[in-house]
Amino acid sequence: MIAPRIEIDLAKISANAKVLVDIAKKKGVSVTAVTKAFGGRPDIARALVHSGVVALGDSRISNLERLRTDCVRARNVMIRSPMLSQVARVVRSAQCSFNTEMETIEHLARCAEAQGVVHEIVLMIELGDLREGFMPEELDKCLSRVRDLSSISFLGIGTNLACRSGVIPDAEKMSELSRIADRIESQHSMPVHVVSGGNSANLEWLLSSAAVGRVNDLRLGESLLLGTEPLHRNRIDGLAGDAFVVVGEVIESRRKPTQPWGNVAQSAFPRSATFEAPGTGWQTIVALGRQDTDPEGLTLPTGMHLLGASSDHLVLATPDRQVIGTELRFLPDYSALLRAMTSIGMHQVRCT
Ligand SMILES: *Cc1c(COP(=O)(O)O)cnc(C)c1O
């Protein structure tokens, strides 16, 4: 069969989505499925929509456009602050965008007016992870300007934690977000319809909280696709962890010294080389590399470990000789999945 390839099990992805949609629903929370890790591939997106997610979110306009072109019938949300050079495309292909700059919102307003539509916005709020968002004290000024933009509809607020600095979206951060929603309603009399609490890192909080406050939506990517939560990378009960499998083919396998010889300087990818204790061992090369996936993000078959990886070679220590042509199967983490699904060298093969 063709290799390298990533096998996609739609049935497992659907099942994962149903479990998570159900858990969230019991707490009054809807799920926006984040499609960026699979490049907006329409069959996966459709499976997620059928499993009950209320919207599809992506940080890249090209992925949202792909969903539109392929007639995935869903609400599209742009979850990264739009580039000024793309606002017209955002208004055309997304009902709603997440925003962190007033200047961008004003450009969106002009484009929406020109296109004769009303564009919805969610304002992202910085709560300490130091990635995107307005500082809470900037909101008042922003909201009074947003109120005057007739082609912009203020839908609500959101936050994103655990992505840049690993700040945990715990009960304290979530009540802070809820309080901000209450304050906007009381001080500006603007209804806050959506409070988007975060990403897969929020699941621990969701599962352990009796009350979620004003939070009524989560944006889930990793947990839907890989069955894991990103804080400790634990498998979530009831979710499949093998909906995606990366498969590569063995092209060399022989006993070699474990140490290089000759005068040694930097290798092509200096951070990646590791060597075993002096001696000899079975070294196996798989035709799979950094162009195809993130080698450090692969779970290897039992007994094997990663010695190094370059653009096109995955070098493994194996317990014995691997027959040339044998296929080896690897479970990708989020980084490996993201790269595999967006690499032109990786063949995507649906297996259900
Ligand atoms: C990627 C992304 C998500 C999804 O995160 P997961 O950890 O994969 O669930 C949610 N929100 C924003 C703003 C994102 O960029």
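Largest mean-square fluctuation among PRO332, PRO169, PRO319, in a Gaussian network model of the chain whose springs join Cα atoms under 10 Å apart, belongs to PRO319.
Converting phi to 3J(HN,Hα) with the Karplus coefficients 6.51, -1.76 and 1.60 and the offset θ = phi - 60°, segment 32-48 yields 9, 7, 8, 9, 5, 5, 10, x, x, 4, x, 5, 5, 4, 5, 4, 5 Hz in sequence order, with x at every glycine or proline.
Dividing the alpha-carbon Rg of segment 112-198 by 2.2 N^0.38 Å yields what?
Working: Rg = 13.6 Å, N = 87, 2.2 N^0.38 = 12.0 Å.
Here the Cα radius of gyration is 1.13 times the empirical estimate.
Heavy-atom accessible area for CYS71, with the other protein chains in place and a 1.4 Å probe, reaches approximately 90 Å².
Length gained on full extension, ASP170 to SER186: 3.3 nm, using 0.36 nm per residue less the C-alpha separation.
Using DSSP loop states and a limit of at most 14 other Cβ atoms within 10 Å to flag chymotrypsin sites (Phe, Trp or Tyr not before Pro), what is the longest stretch of the chain containing no flagged site? Walk me through the numbers on the way to the answer.
Numbers: sites that count: TRP261, PHE275.
Longest stretch, sites excluded: 1-260.
Counted residue by residue at 0.36 nm each, then reduced by the alpha carbon distance between them, the extension gain from ASP43 to ALA277 reaches 79.5 nm.
Compactness of the chain is given as radius of gyration and Dmax, 22.9, 73 Å, from Cα positions. Put a dot 7 Å past the Cα of ASP237, heading toward its Cβ, do the same for ARG73, and the two dots end up 3.7 nm apart.
Scanning the chain for trypsin sites (Lys or Arg not before Pro) in DSSP loops with at most 10 other Cβ atoms within 10 Å, what's the longest stretch left with none? Provide the component values of the computation, followed by the final result.
Values: sites that count: LYS26, ARG73, ARG271.
Looking at the chain, 74-270 is the longest stretch - no exposed trypsin sites (Lys or Arg not before Pro) with at most 10 other Cβ atoms within 10 Å.
Projecting the Cα positions of LEU56, VAL29, VAL19 onto the charge dipole of segment 3-69 (unit charges on Cβ atoms of Lys, Arg, Asp and Glu, taken about the Cα centre) puts VAL29 furthest along the positive direction.
Charge tally for GLN348 (other residues, Cβ to Cβ under 11 Å; Lys, Arg +1; Asp, Glu -1): +1. With a sphere of radius 14 Å drawn around the Cβ of TRP282, what net charge do the other residues whose Cβ falls strictly inside it have (Lys, Arg +1; Asp, Glu -1)? Charge balance near TRP282 sits at +1.
Work out, step by step, the length gained on full extension between ARG145 and LEU306: first 0.36 nm times the residue separation, then minus their alpha carbon distance; give nm to one decimal.
Fully extending the segment from ARG145 to LEU306 adds 52.5 nm.
Comparing VAL90, VAL34, VAL315 in a Gaussian network model of the chain (Cα springs below 10 Å), the most mobile by mean-square fluctuation is VAL315. Over the chain, Cα pairs under 8 Å with separation of 6+ residues give a relative contact order of 19 percent.
For TRP205, the shell of other residues with beta-carbons less than 11 Å away shows a net charge of -2, using +1 for Lys and Arg and -1 for Asp and Glu.
Ordering GLY289, PHE330, GLY308 by Cα displacement along the dipole of segment 233-338 toward the positive end leaves GLY308 in first place; charges were set at the Cβ atoms of Lys, Arg (+1) and Asp, Glu (-1). Both the radius of gyration and Dmax for segment 189-343 are 20.6, 73 Å, in that order, over alpha-carbon atoms.
Shape summary: segment 27-168 maps onto an equivalent ellipsoid whose semi-axes, from the alpha-carbon gyration tensor, are 24, 20, 13 Å in decreasing order. Over the chain, with a Gaussian network built from C-alpha contacts below 10 Å, which listed residue (GLY133, GLY303, GLY262) shows the highest mean-square fluctuation? Maximum fluctuation in the GNM of the chain, among the listed residues, is at GLY262. In this rough spin-label picture, where each label sits 7 Å from Cα along the Cβ direction, the VAL349-GLN115 distance is 3.9 nm.
On the basis of the beta-carbon distance and an R0 of 25 Å, LYS25 and SER335 show a calculated FRET efficiency of 0.25.
The values are calculated or read from the model by the stated rules, or taken from the named source; none is laboratory data. All figures in this text were calculated on a predicted structure; none of them were measured in a lab. For neighbour counting, all protein chains shown are included, and Cβ atoms are generated from backbone atoms with ideal geometry for every residue, glycine included. Each accessible area value is taken on the protein alone, full model and side chains, heavy atoms only, with ligands, DNA and RNA left out. Shrake-Rupley method; radii C 1.70, N 1.55, O 1.52, S 1.80 Å.
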